[in-house]
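One structure below.
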């Protein structure tokens, strides 16, 4: 895998973008779910996300101001990607929400628990100096809620990374 | 699961947020990887993402202007979430990138292939009126590259969903 990556680096500086200055941007993260109505309730009624009017009985779009979070039946998602729907255990991807204060984190984790989430890890001090907890959504997708004193959040709540 | 979700909906309108007007926001998506150096090459040299100087030998942060994309060893990610690292097959989560034109999509998919990605689905017309293809990153995480004529992208390339 390393060789093709090197090769492409020689071909173009930003091969993924037609605009030289633009960084490639993930626009949508789709969570495969087994019960769309249940997941919509969990994320909207439980966690307070707003469903876009572009949502329908087949797919739900949650606008978060940065990346769109989509909920879509797991089997159909695999079919769309042309991969086998078979799979079990840890999927290897987590989603995180950074909050601005420890107290906010505790409240968010408790709210997720009340919405039916399974708490995977109670909020605790992390080795990197922050504070972090995890819950699983109704399909087991792990969400981290985290407070990082070293990271700056902008007014809209987005992480501002150093260049 | 439905009952706790309903219950919490009665408790608070936006339980996940301390600011009434703010929508909860996913801030980071972490891809568990088996070879951090290889994945950094794939995403930075291959796909043109920029690694933040907050990155180090243990974790890589890619700033995308909306959500932070992090690369982190898969086993350590499972350990952090306190779940078993065991897992195989489709993980149930996909990441997508919306582009503004069909030609841009074809170029992006070809660039991903040259960077060492496995093409899962060649770009093709989708039943919902768009155009879409998929590739897998070095760890098999599925990425969709998609053109949706019904969706508006803002100047920064973020999807603008109807309310």
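The values are calculated or read from the model by the stated rules, or taken from the named source; none is laboratory data. Computed from a predicted structure; not experimentally measured. Note: ideal-geometry Cβ built from the backbone for every residue, glycine included; neighbour counts use all protein chains shown.
For this structure, a couple of remarks:
- Qualifying positions in the range B:123-151 - touching a helix residue (DSSP H, G or I) at 6+ places or on another chain (Cβ under 9 Å), surrounded by fewer than 20 Cβ atoms within 10 Å (Cβ to Cβ), without any contact (Cβ under 8 Å) to a residue 40 or more places away in the chain and within 9 Å of chain A (Cβ to nearest Cβ): B:126, B:136
- Within the range B:34-51, tally of residues that are more than 8 Å from chain A (Cβ to nearest Cβ) and touching a strand residue (DSSP E or B) at 6+ places or on another chain (Cβ under 7 Å): 6
- Test: residue in the range A:99-109 that is in contact with a helix residue (DSSP H, G or I) (Cβ under 6 Å, 6 or more places away or on another chain), farther than 22 Å from residue A:29 by Cα and more than 9 Å from every other protein chain (Cβ to nearest Cβ): no
- Index of the failed condition, residue A:31 passing every other in (1) more than 7 Å from chain B (Cβ to nearest Cβ); (2) part of a strand (DSSP E or B): (1)
- Test: residue in the range B:10-26 that is more than 27 Å from residue A:101 (Cα to Cα) and either crowded, with 23+ Cβ neighbours inside 10 Å or at pLDDT below 95 (or both): no
- Boolean, residue A:34 is surrounded by fewer than 18 Cβ atoms within 10 Å (Cβ to Cβ) and without any contact (Cβ under 8 Å) to a residue 24 or more places away in the chain: no
- Between A:66, A:91, A:87, A:116, the distinction of being in contact (Cβ under 8 Å) with a residue 24 or more places away in the chain and closer than 19 Å to residue B:32 by Cβ belongs to A:91 only.
- Single residue of A:160, A:67 found to be facing chain B (nearest Cβ under 7 Å) and either surrounded by 15 or more Cβ atoms within 10 Å (Cβ to Cβ) or over 14 Å from the mean Cα position of the chain (by Cα) (or both): A:67
- Restricted to the range A:71-93, and to residues there that are touching a helix residue (DSSP H, G or I) at 6+ places or on another chain (Cβ under 9 Å) and more than 7 Å from chain B (Cβ to nearest Cβ), the residue that is nearest to residue B:67 (Cα to Cα) is A:71.
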